[in-house]
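The values are calculated or read from the model by the stated rules, or taken from the named source; none is laboratory data. In this text, all values refer to a predicted model and were calculated from it rather than measured experimentally. Neighbour counts run over all protein chains shown; Cβ positions are idealised from the backbone, glycine included. Side chains are part of the model used for accessible areas, which takes the heavy atoms of the whole protein and leaves out ligands, DNA and RNA. Shrake-Rupley method; radii C 1.70, N 1.55, O 1.52, S 1.80 Å.
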Amino acid sequence: MSKKKLTPKQSESLLKTLKTRFDNHMSRHEGLHWNTIQLKLEENPDKLWSLYQMEITDGEPDVVAYRSYTDEYIFFDCSPESPKRRSLCYDYQAWASRKANQPDNNVIDKAAEMGIDLLTEEQYRMLQDFGQFDLKTSIWVKTPSHIRELGGAIFCDRRYNTVFTYHNGADSYYTARGFRGCLTI
């Protein structure tokens, strides 16, 4: 069996979980129909595997948008707080530069292993339109190259009913900072 393929039982369980979440949060995807989404997921087992990775790390993935011009559904991690992918610096370069107290991994490589993308700052702000996320945690977001080239990276959170964007050294990591993923199907 391929490393990136779910068993029939895992697929069935995940689809059931995703449908329940879809039904319970209709405001995230008004006008969309689960049956159409499920068919697309079943046609893309590699994407279903990526959603499973999001789910088992407590990301609670859900559909947040549909692009009609490309016939693509967009899933974000919709857990109330940062998924259980934390204590990671931003990228491999930042990870390799740490000589002491090196974390286990970095968000760019971890996201790639999962087959997902990091949310951009714009996507993070879009997510906040669906509720209040990350009131106690923070999220690394895709950092523009001009910031990263200078050694920095950006992260976001929600405090005081406002979404904030901050900066840190890309080699920093915290137990309350993780990352949210985006998956396009």
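Which one is surrounded by the most Cβ atoms within 10 Å (Cβ to Cβ) among residues in region 124-167 that are in a strand (DSSP E or B) and touching a residue at least 40 places away in the same chain (Cβ under 8 Å)? The qualifying residue surrounded by the most Cβ atoms within 10 Å (Cβ to Cβ) is TRP140. Can you pull out every residue in region 88-126 that is hydroxyl-bearing (Ser, Thr, Tyr) and in contact with an Asp or Glu (Cβ under 7 Å, 6 or more places away or on another chain)? Residues satisfying the conditions are TYR92, SER97.
As for region 64-73, it holds at least one residue that is under 14 Å from ILE116 (Cα atoms) and at pLDDT 95 or above.
Give region 155-185 a look and list any residue that's aliphatic (A, V, I, L, M), under 27 Å from TYR66 (Cα atoms) and over 15 Å from the mean Cα position of the chain (by Cα), or say none. If you could, list the steps in order and put the result at the bottom.
Applying the first criterion (aliphatic (A, V, I, L, M)) to region 155-185 yields 163, 170, 176, 183, 185.
Filter once more, so that each one left must be under 27 Å from TYR66 (Cα atoms): 163, 183, 185.
VAL163, the sole residue that qualifies.
Within region 88-108, the residues that satisfy the criterion of being under 21 Å from ILE56 (Cα atoms) and modelled with pLDDT under 95 are PRO103, ASP104, ASN105.
Inspect all residues belonging to region 58-67 and state whether any of them is among the hydroxyl-bearing types (Ser, Thr, Tyr), surrounded by fewer than 21 Cβ atoms within 10 Å (Cβ to Cβ) and under 15 Å from the mean Cα position of the chain (by Cα). Even if it seems obvious, please write down each step before you answer.
If we filter region 58-67 for residues that are among the hydroxyl-bearing types (Ser, Thr, Tyr), which is where we start, we get 66.
Retained after the next criterion (residues that are surrounded by fewer than 21 Cβ atoms within 10 Å (Cβ to Cβ)): 66.
Those still in the list that are under 15 Å from the mean Cα position of the chain (by Cα) too: none.
No, there is no match, as no residue in region 58-67 is among the hydroxyl-bearing types (Ser, Thr, Tyr), surrounded by fewer than 21 Cβ atoms within 10 Å (Cβ to Cβ) and under 15 Å from the mean Cα position of the chain (by Cα).
Within region 72-122, the set of residues being open to solvent by 60 Å² or more (accessible area, probe 1.4 Å), part of a strand (DSSP E or B) and either β-branched (Val, Ile, Thr) or out of contact with any Phe, Trp or Tyr (no Cβ under 9 Å at 6 or more places or on another chain) (or both) comprises ASP117 only. Say we look at region 29-54 and pick out the residues that are open to solvent by 70 Å² or more (accessible area, probe 1.4 Å) and in a loop (DSSP other than H, G, I, E, B); which of these is farthest from LEU18 (Cα to Cα)? It comes out as GLU30. Among the listed residues LEU135, LEU118, LEU127, which satisfies the condition of being in contact with a helix residue (DSSP H, G or I) (Cβ under 8 Å, 6 or more places away or on another chain) and under 30 Å from SER27 (Cα atoms)? None of the other options fit; the residue is LEU118.
So, ASP23, is that one acidic (Asp, Glu), over 25 Å from SER145 (Cβ atoms), buried (at least 20 other Cβ atoms within 10 Å of the Cβ) and modelled with pLDDT of 95 or more or not? Can you show your working first?
Values: acidic (Asp, Glu): yes; over 25 Å from SER145 (Cβ atoms): yes; buried (at least 20 other Cβ atoms within 10 Å of the Cβ): no; modelled with pLDDT of 95 or more: yes.
So ASP23 does not fit the description; no.
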